[in-house]
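To start, the structure under review is shown below, and the notes come after it.
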Amino acid sequence: MSHYPPPGPAPEAPPARPSALPPSGRDRAAGPLLVACVLCTGLMAGLFFAYDVSVMPGLAELDDRTYAAAMQRFNAVIDGSPLFGLVFLAALGLTVASAVMAFRRRRLAVAMPLVVAAVCHLVVLVITVAVNLPLNAGWRRSETRPPARISRG
């Protein structure tokens, strides 16, 4: 004799989900948009990382005149690069677009890190426009020869 009650009727299967419907255009765009966001952000992070661990330590070993001349050349190349500008701005735009799409799809676990990333990128953009670009313009307006002594913060 068993101490367990006899089995009851089998539980009903949950109702079918409408997942058989093809995804809408917005849902199909979410994946490629997020991939483009990650790609552009990764390219920018790689540039910043490479600059920090290789270019800047190498420049720090130079005398002031050579350092200033090298920085002027780097700035001229980066400022004149449409690809750099495109990727720099696309990383922010794609991050914001991905965050908006994730919020619309109620995917907060995806949206919140994207919002944080967009805010961080926006801070970098504001610093670049408000501080770095005016400094670069000042270096371009200075004499063709860099100053004899410069301050490296």
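For VAL115, indicate whether it is loosely packed, with under 13 Cβ neighbours inside 10 Å and modelled with pLDDT of 85 or more. For VAL115, the condition - loosely packed, with under 13 Cβ neighbours inside 10 Å and modelled with pLDDT of 85 or more - is not met. In this structure, is ARG65 outside any helix (DSSP H, G or I) and either touching a Leu at 6+ places or on another chain (Cβ under 7 Å) or open to solvent by 80 Å² or more (accessible area, probe 1.4 Å) (or both)? For ARG65, the condition - outside any helix (DSSP H, G or I) and either touching a Leu at 6+ places or on another chain (Cβ under 7 Å) or open to solvent by 80 Å² or more (accessible area, probe 1.4 Å) (or both) - is not met. Restricting attention to segment 7-37, the residues that are under 22 Å from PHE103 (Cβ atoms), open to solvent by less than 90 Å² (accessible area, probe 1.4 Å) and either in contact with a Lys or Arg (Cβ under 6 Å, 6 or more places away or on another chain) or at pLDDT below 75 (or both) total 4.
The rows are residues; the columns are (1) in contact with a Leu (Cβ under 9 Å, 6 or more places away or on another chain); (2) under 28 Å from VAL38 (Cβ atoms); (3) modelled with pLDDT of 85 or more.
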site: GLU61; (1), (2), (3): no, no, yes
site: ALA70; (1), (2), (3): yes, no, yes
site: GLY85; (1), (2), (3): no, yes, yes
site: ARG107; (1), (2), (3): no, yes, yes
site: CYS120; (1), (2), (3): no, yes, yes
site: LEU125; (1), (2), (3): yes, yes, yes
site: LEU133; (1), (2), (3): no, yes, no
site: GLY138; (1), (2), (3): no, no, no
site: ALA148; (1), (2), (3): no, no, no
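Checking each residue in segment 85-109 for being free of Cβ contacts under 8 Å to residues at least 24 places away in the same chain, open to solvent by less than 60 Å² (accessible area, probe 1.4 Å) and in contact with a helix residue (DSSP H, G or I) (Cβ under 7 Å, 6 or more places away or on another chain) picks out only ALA99.
The values are calculated or read from the model by the stated rules, or taken from the named source; none is laboratory data. Being a predicted model, the structure only gives us computed values, none of them experimental. No Cβ is skipped: glycine too gets one built from the backbone with ideal geometry, and neighbour counts run over all protein chains shown. Only protein heavy atoms, including side chains, enter the accessible area calculation; ligands, DNA and RNA are left aside. Shrake-Rupley method; radii C 1.70, N 1.55, O 1.52, S 1.80 Å.
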